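Please treat every number below as a calculation from the coordinates, not as lab data. Remember, predicted model here, so these are calculated numbers, not experimental data. Cβ atoms come from the backbone with ideal geometry, glycine included; neighbour counts cover every protein chain shown.
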Amino acid sequence: MTLWEYDEGRITRRKYSFHPWIFVSGSEYDLERLSGELDLVRGISYMYTTRRNVYGQLHGLEITMRQSQIMGIIDAIGVIGSSRKLSAYNAGINQHLRFMSERGLSFFGTGSRYDTDPEIPSVVIGGKTDFSGLTSISIDGKEMAPTGTSFSDVAEAINNSTIILYSNSRLVFQKILNRISGMGYRLPYYRAGSESSYESYGRVMHKSPEISMPGKICISSDSFIYSESGLAGLYEVSRMSSLPIVLASRVTPGTAVSSLEVSHAIKNGILVPLYKDDHEKEKPAAGLFERDKGGIVLQPDPGIYENVTEIDFSSMYPSIIVRYNLSPETIGMDGGAALPGSGYRVDAGKKGFLPSALGELLDRRLMYKSIREGNPVIQKRDAALKWMLLTSFGYTGYKNAKFGRIEVHEAITAIGRWAFSTAMKLAEKHGFHVIHGIVDSLWLSGDGDMGDLLKEIREKTRIDIVVDGEYSWIAFFKGKNGLGSPGRYLGRRRDGTFKVRGLEIRRNDFPAFAKRFQVEALDIFRACKNRDDVLSMSGELKALEKKYLREMTSFDLYDFALETRVSRHMEEYRVNNLQRATMKFFSSSGDDIMPGESVSVVVSDRKHGVVQLPERTTGIDRNFYLRYLKRSFESFDFLVSSARGNQVILPC
């Protein structure tokens, strides 16, 4: 194994001998059969020993081999133990994660949580392309025409940087690299992976080819973790998960959490199961229906509420895991301390594996949250850990999670519902009125003592809770069924900023001109401190709406671009919808779109399924886009009508 260390601008290269081992447990008969097979394999050594998993001590074979031999041995174990019980551990672990964890090393290590990240030269390379080829390229956001000079500048930027951030959507980065190489400019040798379409949580996704270069850290700017938290967030995920930064950029937050758990197990001498084999225990139907629930979501009455405070449990579900010692080996039905709201009991005498593994992650996130104001680096670290913690709960119930168990998942949600209900009752006891609530957040109005309320909630639930927003007013909007929509609201904070959820301004599939209307509408209401102020702005709102209706066709054609994601092949679409029209347009130009890909198009004639590229369109379908504009009016029209009518709810 080769290790590169970067310290104050100096890079040191060290080579280490690395021979991984796996552990196999089972009956004496099966272990003897396995040892007989191993005697025939060169380059392998083994010994009988005892090691522990999360449940206790296991007797078995510890087998040492080369990394390349592991999967072959696993296949042999599967054949020998097919009708019996042989369990393999510490196999299938990323070799870099294992190497770092066994030696107590850390990627992007810092002396303390407050330390800055290393300054590593980086560059962001982008570009745009159409049927004719590259139309522009960019370096760190600066856009240029694709000329010989600009390609030379890109080559120089790549050669002078260690971290290369790129977007290869529509193969744009590959086209840039190919042009640079074709012009004879010096570049590191690069390899491109393959593109693919896949399904994740019911949604078809597309993965563009990944680029790698020797001596360079190549990261796709389409990475979820990078797009949510930037380089500082990626450093933090790599640091916490023990995954190399390139791999950390490619995995989901859930996989990052799983890697953190595996790393914690290795560091503490706990075996990591290759396959999960502690399946869900039988339960009576009544108990299953009672426990198999999610979080509580209230339905608000639509309208405006004045003087509202939002309180929020800090990382509720991970906090429950840690505070209540929930882990596969600690939870059960008999003995131990009763868990509120769940019917389960927990062994509180010994700290469980999951609370131990997630404890530092939770502590870091809560610390970052408390000091993130005005610090962009800490904000990005906080965002990265937020996503890891959000998925840590769901991962406990995932059928293939190495340290998951459905009973833990059920206990977490049950305690969450109990804590939420407890907070509601305490809020009413302290003189507040509950306006709305979603899983771990409550919106309250009233004149009670907020400090006393939060203190009692913390004491009763053992979960930290904080004020997340104070609003001069907040409006909850109607859903399609005419009832209050839990996830659609607009609140004006006391400092004049807004919290917006569920409105068109936050949607990726809405044209820019319609979203820009909502941005300007927000500015109209920014100074409004109460419902009367909101009502007084009705004339300005109507004037803005008329302006957009009048000037709609004069907007830049790029403002009408719609981000369209296709989910299947063209021949699989049964109706001539926007997705099929888009695929037909690209296919006719010899540029097929893969399922899961997103492209920007302008609709010229919706009735006949005519779409064009924004830069080449000759006009728009006005009636088609008029629907988007009028839809962007609706929320603000409702805001004013609520201020005018009887849908304004005052504090109780």
Quiz item: Among the lysines, which have Cα under 17 Å from the Cα of K455 when same-chain residues fewer than 8 positions away are ignored?
Solution: K425, K429
Quiz prompt | Proxy reagent accessibility, fewest Cβ within 10 Å first, across F173, F107 | solution = F107, F173
Self-check item: FRET efficiency for V466 and L40, using Cβ-Cβ distance with R0 set to 51 Å, rounded to 0.05
Solution: 0.25
Quiz item: Could you give the dipole magnitude of the range 21-92 about its Cα centre, charging the beta-carbon of Lys and Arg +1 and that of Asp and Glu -1, in debye to the nearest 20?
Solution: 200
Quiz prompt | Mean Cα-pair separation over length for the range 567-652, i.e. relative contact order, pairs under 8 Å, 6 or more apart, % | solution = 20
Exercise. Can you check what the Kirkwood hydrodynamic radius comes to for the range 122-222, Cα pairs only, in Å to one decimal?
Key: 14.0
Exercise. Among V601, L234, W21, pick out the residue whose Cα is farthest towards the positive end of the charge dipole of the chain, where Lys and Arg carry +1 and Asp and Glu carry -1 on C-beta, about the Cα centre.
Key: V601
Quiz item: Which residues in the range 569-603 place their backbone N less than 20 Å from a point set 7 Å from the Cα of V519 along the Cα-to-Cβ direction?
Solution: 600-602
Practice problem: Run the quick spin-label model on Y558 and F498: label points 7 Å from Cα toward the beta carbon, then report their separation in nm to one decimal. | Solution: 2.3
Quiz prompt | Cross-link partners of K630 among aspartates and glutamates (Cα-Cα below 12 Å; sequence separation of 8 or more within a chain) | solution = E504, E545
Exercise. Just add up the charged neighbours of S229: K/R +1, D/E -1, any other residue whose Cβ is under 10 Å from the Cβ of S229.
Key: 0
Quiz item: So for L541, L61, fewest C-beta neighbours within 10 Å to most, what's the order?
Solution: L541, L61
Quiz item: Listed here are the pairs K293/K380; K15/K175; K386/K529; K402/K460; K175/K207; K15/K267; which of them are more than 28 Å apart at the Cα?
Solution: K293/K380; K15/K175; K386/K529; K402/K460
Exercise. May I ask for the net charge around L271, where only other residues with Cβ less than 12 Å from the Cβ of L271 are counted and Lys, Arg are +1 while Asp, Glu are -1?
Key: +2
Practice problem: Using 0.36 nm per residue of separation minus the Cα-Cα distance, give me the extension gain between D75 and S588 in nm, one decimal. | Solution: 179.9 nm
Self-check item: Cα-based convex hull, the chain, per residue volume (Å³, whole number)
Solution: 208
Quiz item: If you take the charge dipole of the range 107-181 about its Cα centre, with +1 on Lys and Arg Cβ and -1 on Asp and Glu Cβ, which of I139, T110, N168 is farthest toward its positive end?
Solution: N168
Quiz prompt | R10-D115 pseudo-label distance in nm [points 7 Å out on the Cα-to-Cβ vector] | solution = 1.6
Self-check item: Size of charge dipole - the range 495-567 - debye, nearest 20, with Cβ of Lys, Arg +1 and Asp, Glu -1, no other charges
Solution: 220
Exercise. Could you work out the local net charge near T129, counting Lys and Arg as +1, Asp and Glu as -1, over the other residues with Cβ closer than 10 Å to its Cβ?
Key: +1
Quiz item: Over the chain, what is the mean sequence separation of C-alpha contacts under 8 Å (at least six apart), divided by residue count, expressed as relative contact order in percent?
Solution: 11
Quiz prompt | Estimated dipole of the chain in Debye, rounded to 20 [Cβ of Lys and Arg +1, of Asp and Glu -1, Cα centre] | solution = 520
Quiz item: Just going by the charge dipole of the range 471-577, with Lys and Arg at +1 and Asp and Glu at -1 on Cβ, which of G539, A514, T553 is farthest out on the positive end?
Solution: G539
